[in-house]
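These notes concern the structure reproduced below.
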Amino acid sequence: MSPTGKLLLLVCGPALAAALVTVFPFLKPWVLLADAVLVGVALLDALTLPRRRRVRVERTGSSILSVGTTNPFKLTVHNLGLRPLYVRLTESFPASMDLQGLPAAAWVRGRGRRVFKYSVVPKRRGAFNVGRTYLQVTSLLGLWRRHLRITIDHPLKVFPDVKALNTYALLARRNRIDLMGFRKTRGRGSDVEFDRLRDYQPDDDHRRIDPFASARFRRLITREYEVSRNQNIFFMIDCGRLMAAESRGLSNLDHALNATLMLSSLALDFGDNVGLMAFDESVRSFLPPTSGVRSKTAVLHALYDLHTSQAEPDFEQAFLTMNLRVRQRSLIVLLTNVMDGASFDLLRPHLKIVTRRHLPLVLLLRDEDLFDLAEQAPDSLPEFFSVGAAAELSTWRERMAGDLQRLGALVLDIAPGQTTPDLINTYLRIKADQLL
């Protein structure tokens, strides 16, 4: 019989006995005796209910998680008493994490332990803490239950999914970044250092064919040159309200952060220095340009807990901070979304100043729904006005991109889903053309 059934029998038993006594008065002594026995059994069973100090719970799992990946955890329940315990348990993780394998229930032998395995799948970045562990234990006969709430301190840091970074790093070491969808661009300059000889490929410059090596190996051989190293790449990431718009299940800010992580990893592998600044109405995070393997970890820690705010970005404060702290000529990558003339008027004078020392690259992340609307054919008068407004905004964005280019900035006006490949291909082209 289940614990619930036993409890119902204990509660309903006296009522049934009273009905029997009413119908058959001669059964009264026996009914009273049965009641006394039931009450005694219940009281004795209550004494077997384990106390809090008889149970110990430990949690095992990483404090560093990745968005969208399955992260294993374990709960170990220690029974410090002599008799077996039947326990049910669950965890209170943040709502942005999916639990798989809980709640769970099992017997734990006396003076023994039981391991409960489960997994956690985070759905958003940030810093979190695991809530309480809820444990339910029953008495020997199952007539009583005790609910325990246990707090185990376990801070969590959820980073963007770094599996793509690890895959890219392996391909980069093998010189196969073309498999990631990025175009390998070869430099046109003649002042770079010779790197190696390799087989000719159809898109190679014919002027780089080595005639002596080709004659010796009896096939076309190309000279490959090493691109410049130790250059600065500095990211300026807008965390204002317009970066909250979503595309393909991710916000514009998440697309910008993913692109920043990928390009920073590539630049560091190429020997460049990487720094970044995140801002809205104030500077929220700043990392000076550095190089080396540790810089990849520093970039991750600087970005994992960034989220959009409802504030407008303060371009003046952001560019003043950058100009004061980044003195060496750098590729300044600004990831933002400008949707009105007032914001553009605030941005334009600072970009004009930046071009005197740095090479700015402005990524304008589109609102895909708005641009799709501009290409539709209206079926009614209200749709006509909506499509007209969207088309006007699209045309204004094209003029704004042209104005930025005339100031000396490189401009990418792209859909958020194309941010990573377009940004990396532009970086490779800048390196190849030696624009820095």
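Worth pointing out:
- A single entry from S139, S96 fulfils the requirement of being under 30 Å from G249 (Cβ atoms) and open to solvent by less than 70 Å² (accessible area, probe 1.4 Å): S96.
- Subset of segment 296-318 that is touching a strand residue (DSSP E or B) at 6+ places or on another chain (Cβ under 7 Å) and hydroxyl-bearing (S, T, Y) - its residue that is nearest to E398 (Cα to Cα): T308
- Residues located in segment 319-347, provided they are assigned to a loop (DSSP other than H, G, I, E, B) and farther than 16 Å from L393 by Cβ: V326, R327, Q328, R329
- Residue check, E383 in a helix (DSSP H, G or I), of a type in the set (D, E) and without any contact (Cβ under 8 Å) to a residue 24 or more places away in the chain: yes
- Only listed residue being out of contact with any Ser or Thr (no Cβ under 7 Å at 6 or more places or on another chain), within 25 Å of F270 (Cβ to Cβ) and at pLDDT 70 or above, chosen from P202, P211: P202
- Pair list, Cβ under 9 Å, 6 or more apart: segment 423-436 residue surrounded by fewer than 19 Cβ atoms within 10 Å (Cβ to Cβ), other residue in a helix (DSSP H, G or I): L435/R429; L436/I430
- As for segment 72-81, it holds no residue that is in a loop (DSSP other than H, G, I, E, B) and within 23 Å of the chain's Cα centre (by Cα).
- Within segment 249-273, if we keep just the residues that are in contact with a Ser or Thr (Cβ under 8 Å, 6 or more places away or on another chain), among the small types (G, A, S) and open to solvent by 10 Å² or more (accessible area, probe 1.4 Å), the residue that is nearest to S309 (Cα to Cα) turns out to be S251.
- Exactly one residue out of L320, L346, L276 is aliphatic (A, V, I, L, M) and crowded, with 17+ Cβ neighbours inside 10 Å: that is L276.
- Residue in segment 137-146 that is at pLDDT 90 or above and not β-branched (V, I, T) present: no
- Scan of segment 99-111 for residues that are in a strand (DSSP E or B) and either within 21 Å of L156 (Cα to Cα) or open to solvent by 20 Å² or more (accessible area, probe 1.4 Å) (or both), ordered by number: L99, Q100, A104, A105, W107
- Only listed residue being without any contact (Cβ under 8 Å) to a residue 60 or more places away in the chain and touching a strand residue (DSSP E or B) at 6+ places or on another chain (Cβ under 9 Å), chosen from V283, V293: V283
The values are calculated or read from the model by the stated rules, or taken from the named source; none is laboratory data. Because the structure is a prediction, the values reported are computed rather than measured. Don't worry about glycine lacking a Cβ; one is built from the backbone with ideal geometry, like all the others, and counts go over all protein chains shown. SASA here: full protein model, heavy atoms, side chains in, ligands and nucleic acids out. Shrake-Rupley method; radii C 1.70, N 1.55, O 1.52, S 1.80 Å.
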